[in-house]
Amino acid sequence: MFAYLNHFRMFLPHNYFKWFINFIFKPLYYLLKDFFLLEKKSLSVNLILKNIKTAQKCFLIMTGDSLSIADFEKLKYEKTFSTGFIFLHQDLEKLNLKYYLAVEDPLKNFPDLNWPSHIIPSKVPNNGYTFYKLVNDKIYSKGTKIFLRYEDKNYFISRKLFTGYGEIYYLKFMSNLFYKKYLQSEITLTKRFSTFGGSIFLILQILIYMGFKEIYLLGAGYTYYPTYELHFYDSYFLPNYITRDQAKLEGERIVTEHNKRLGDNLKLFDFYDDGKYYRYRMVKFLNLENENYRKHQMMKDIAEYNGAEIINIIPEGFKSPIYKNIYWSDLIGKDQM
């Protein structure tokens with residue numbers, strides 16, 4: 001009995017008040033929202049996704065800076081799923097992206113920190129409409145199947161977004177995944193379901209529901225040890241015409257200024273020459289009991305319970321403390337790639 005309680009406690013967030021709100025009041029709120037506030041629209045259409053890819057593999061492509069290890073051309077004929085600002089990647093056209101998830105609130109502005117203003121024209125507002133217009137034009141219009149929040153459906157209709165003939169699947173979810181209960185339950189997309197905060201967990205649940213048994217993570221730097229910080233579109237680099245000694249000094253200056261400006265705690269891990277630029281790899285050394293790692297441990301357990309395996313494609317010099325790992329060089333050497 002006590003062993004069970006200790007096992008349960010290790011998966012609880014450290015902020016117990018927040019936990020209480022999530023697990024007591026949030027379900028009641030959504031119960032009212034779904035059944036009494038005229039939101040009775042069925043999600044039964046999502047049933048067609050169940051186990052449609054039984055025993056197949058899929059690549060979940062996140063937007064971390066570690067995407068630099070991958071050659072998208074090698075994934076052209078693979079099942080791929082992505083999210084966020086992946087549409088800004090210069091090699092996206094090589095990918096033939098099959099699925100995409102966007103669950104950002106369209107009524108909120110993006111924090112300046114998370115908005116790639118150096119790529120998106122400065123005169124364009126950093127709001128939800130801009131983001132979803134880019135998703136519409138660069139992802140949905142290319143035939144990629146889209147997953148969106150059900151709550152935003154009327155917003156998209158009123159602004160004539162996602163109005164073509166492409167496939168759209170709406171989701172209802174709440175970020176209060178109850179570990180033990182959910183582990184023993186069947187994953188479903190036909191009603192509101194529990195998840196963690198973060199697109200990576202939502203996508204993993206979708207992929208498991210669809211029947212994928214081999215799920216490869218790519219560009220998921222927060223799952224490494226140390227965590228590989230920043231994204232492919234906001235990482236730091238300098239022209240390689242300076243010497244390596246100069247590049248190292250500049251890297252130390254960059255990380256110091258970054259931390260001071262943002263109140264962050266990044267460390268300069270190393271840097272490499274890609275033939276044109278010196279690119280800096282920034283990391284954090286987090287305790288393995290960190291909430292992010294604990295969530296991924298739960299996600300691994302849920303995947304295994306459903307007969308799926310999550311495999312982390314990591315760069316040299318990093319570890320994958322939760323998921324089984326593989327290096328890109330080893331992966332592309334497989335016969336099936």
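No value in this document is a laboratory result; all are computed from the given coordinates. Just so it is clear, the structure is predicted and the values come from calculations on it, not from any experiment. Here the Cβ is made from the backbone with ideal geometry for all residues, glycine too, and neighbour counts use every protein chain on show.
Estimate the FRET efficiency between Ser122 and Glu250 by the formula 1/(1 + (r/R0)^6), using the beta-carbon distance for r and 30 Å for R0, to the nearest 0.05. Spell out each step's value before the answer.
Numbers: r = 25 Å, r/R0 = 0.84.
FRET efficiency, Ser122 to Glu250: 0.75.
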Completion exercise
With a Förster distance of 41 angstrom and the Cβ-Cβ distance between Tyr241 and Ile48, calculated FRET efficiency to the nearest 0.05 equals 0.15
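Looking at region 272-337, which trypsin sites (Lys or Arg not before Pro) are in a loop (DSSP not H, G, I, E or B) and have at most 13 other Cβ atoms within 10 Å? Could you put the intermediate results ahead of the total?
Working: sites: Lys276, Arg279, Arg281, Lys284, Arg294, Lys295, Lys300, Lys319, Lys324, Lys334; in loops: Lys276, Lys334.
Counting only loop positions with at most 13 other Cβ atoms within 10 Å, the trypsin sites (Lys or Arg not before Pro) in region 272-337 are Lys276, Lys334.
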Practice task
Kindly write out, for region 313-328 in residue order, the coupling ³J(HN,Hα) from the Karplus curve 6.51 cos²θ - 1.76 cosθ + 1.60 (θ = phi - 60°), rounded to whole Hz, with x marking Gly and Pro.
Solution key: 8, 10, x, 4, x, 10, 10, 10, x, 10, 8, 4, 10, 8, 8, 4
Exercise for the section: Distance between Cα centroids, region 123-171 to region 73-95: provide it in whole Å. Expected result: 18
Exercise for the section: Kindly provide the chymotrypsin sites (Phe, Trp or Tyr not before Pro) of region 229-332 that DSSP labels as loop, not H, G, I, E or B, and whose Cβ sees at most 14 other Cβ atoms within 10 Å. Expected result: Tyr241, Phe285
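Of the GluC sites (Glu not before Pro) in region 243-317, which ones lie in a loop per DSSP and count no more than 14 other C-beta atoms within 10 Å? If you can, show how the numbers build up before the last one.
Working: sites: Glu250, Glu252, Glu257, Glu289, Glu291, Glu304, Glu309, Glu316; in loops: Glu289, Glu316.
Passing both the DSSP loop test and the Cβ count: Glu289, Glu316.
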Fill in the blank from the handout: Charge tally for neighbours of Lys267 with beta carbon under 15 Å away, counting Lys, Arg as +1 and Asp, Glu as -1, is -1
Exercise for the section: Using the Karplus curve 6.51 cos²θ - 1.76 cosθ + 1.60 with θ = phi - 60°, work out ³J(HN,Hα) for each residue of region 301-309 in order, rounded to whole Hz, and write x for Gly and Pro. Expected result: 4, 5, 4, 5, 4, 9, x, 10, 10
Practice task
Starting at the first residue of region 154-169, write each ³J(HN,Hα) from the Karplus equation 6.51 cos²θ - 1.76 cosθ + 1.60 with θ = phi - 60°, in whole Hz, x for Gly and Pro.
Solution key: 5, 4, 5, 4, 5, 10, 6, 9, 6, 9, x, 9, x, 8, 10, 10
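Length gain on complete extension for the stretch Asp71 to Asp270, per 0.36 nm per residue less the alpha carbon to alpha carbon distance? Could the numbers behind the result be given before it?
Values: separation 199, 0.36 × 199 = 71.64 nm, distance 2.14 nm.
Once the chain is fully extended between Asp71 and Asp270, it gains 69.5 nm.
Which entries in Lys79/Lys267; Lys153/Lys191; Lys108/Lys160; Lys94/Lys295; Lys145/Lys213 show an alpha-carbon gap greater than 23 Å?
On the way: Lys79/Lys267 35 Å; Lys153/Lys191 16 Å; Lys108/Lys160 18 Å; Lys94/Lys295 32 Å; Lys145/Lys213 20 Å.
From the list (Lys79/Lys267; Lys153/Lys191; Lys108/Lys160; Lys94/Lys295; Lys145/Lys213), the Cα-Cα distance tops 23 Å for Lys79/Lys267; Lys94/Lys295.
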Handout entry: Estimated D of region 89-149 in µm² per second, where Rh is the Kirkwood radius over Cα pairs and Stokes-Einstein applies at 4 °C, 1.567 mPa s
Key = 103
Handout entry: Thr83 long-range amide H proximity, modeled H, under 5 Å
Key = Leu101
